[in-house]
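What follows is a single structure, written as structure tokens, with notes after it.
The values are calculated or read from the model by the stated rules, or taken from the named source; none is laboratory data. All of these numbers come straight from a predicted model, not from anything done at the bench. Neighbour counts are summed over all protein chains in view; Cβ atoms, including those assigned to glycine, are modelled from backbone coordinates with ideal geometry.
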Amino acid sequence: MKTFTPVNSLETKLRAVITDRNTPLWNFYTPLAAAPLWIVVQNFPEMDGSDEIAPPGQNPGLCVMQTGKDSWIGFYTSAARANEAFEKFKISPHAFRIASAPGYQLLRFATKADPDASLCMNLGLSECQFVLDPDMVEILLERPEPDYEKRPSDKIRITDTTEAEKHLAPLSEFLGRQPTVRAAWIYQRKSDTPSRAGHEAYEFSLLMNDPEDDSLLKQVETMLKALTPLEMEWTTAVMMADDQSLRNLSKQKPPFYARADFLKT
């Protein structure tokens with residue numbers, strides 16, 4: 001079975017529920033309501049280029065899978081998972097497409113559109129597939145619709161960060177001594193709020209063996225601030241990504257530090 005490497009916080013909670021029976025189910029179901037999910041819906045070519053996924057006055061047509069007498073609606077925890085299932089099931093891109101919305105909205109829509117269908121998270125992806133309990137979903141939908149988090153306005157820029165990296169040889173050596181670190185990247189951040197004159201905002205992202213491990217963040221941030229000029233402002237974060245995403249990222253920007261085996265083969 002393929003290793004399930006979480007690519008976002010919801011997947012981290014899903015992995016815990018799948019791998020540890022002692023994990024309370026509400027640890028997963030509660031954030032599920034506010035998290036973005038992806039589904040497969042009917043494609044309307046005339047809607048291409050718009051934000052709409054169905055003609056005016058019509059509801060999106062859900063893709064419902066049949067296994068014998070059972071019918072299933074698949075929800076996916078990331079766009080990559082949805083695309084993987086799309087390819088695995090050989091779904092026609094002319095007939096269907098992938099759409100996203102907050103979990104609460106998609107679950108409410110699906111349960112009304114086909115009350116008899118079973119709901120499954122990451123349907124068809126055995127390493128991260130999880131059948132949703134209808135009673136838990138019902139309780140979740142009886143709660144008020146959550147306030148959805150606004151997406152941060154800061155955007156990462158894939159730029160040359162040599163000016164910052166030239167100060168950080170001691171940090172690279174430190175990371176090389178940490179068996180839990182797979183790789184690290186440095187980015188610049190572009191914010192809607194201008195930085196102080198002469199200052200540059202950077203993010204240092206760590207890729208760990210365990211995507212929930214943030215134990216080194218404080219120490220790394222301390223080293224970053226000690227090693228670089230005052231006009232370089234730093235934040236640190238733990239990165240979540242699957243191996244294909246990491247390969248794509250590495251083509252755009254090589255890691256600042258990488259363990260020899262940081263990409264699985």
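If you go through region 98-137 and keep only what is over 22 Å from the mean Cα position of the chain (by Cα) and closer than 16 Å to Asn27 by Cα, you end up with Asp133, Asp135, Met136.
Inspect all residues belonging to region 191-209 and state whether any of them is basic (Lys, Arg) and either modelled with pLDDT of 95 or more or surrounded by 12 or more Cβ atoms within 10 Å (Cβ to Cβ) (or both). No, region 191-209 contains no residue that is basic (Lys, Arg) and either modelled with pLDDT of 95 or more or surrounded by 12 or more Cβ atoms within 10 Å (Cβ to Cβ) (or both). Counting the residues of region 60-81 that are among the hydroxyl-bearing types (Ser, Thr, Tyr), touching a residue at least 40 places away in the same chain (Cβ under 8 Å) and either part of a strand (DSSP E or B) or in contact with a helix residue (DSSP H, G or I) (Cβ under 6 Å, 6 or more places away or on another chain) (or both) gives 3.
Here's the yes/no breakdown for (1) touching a residue at least 40 places away in the same chain (Cβ under 8 Å); (2) over 22 Å from Ser215 (Cα atoms); (3) touching a Lys or Arg at 6+ places or on another chain (Cβ under 8 Å):
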site	(1), (2), (3)
Ala226	no, no, no
Leu230	no, yes, no
Glu233	no, no, no
Ala237	no, no, no
Ser245	yes, yes, no
Gln252	yes, yes, no
Pro255	yes, no, no
Leu263	no, no, yes
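Among residues of region 167-185 that are more than 14 Å from Phe204 (Cβ to Cβ), those with a beta-carbon under 8 Å from a residue that is among the aromatic types (Phe, Trp, Tyr) and in a strand (DSSP E or B) at least six positions away or on a different chain give the pairs Gly176/Tyr257.
Selection of region 216-265 for residues being within 24 Å of Val7 (Cβ to Cβ), part of a loop (DSSP other than H, G, I, E, B) and not aliphatic (A, V, I, L, M) yields Asp242, Lys253, Pro254, Pro255, Phe256, Arg259, Asp261, Phe262, Lys264, Thr265.
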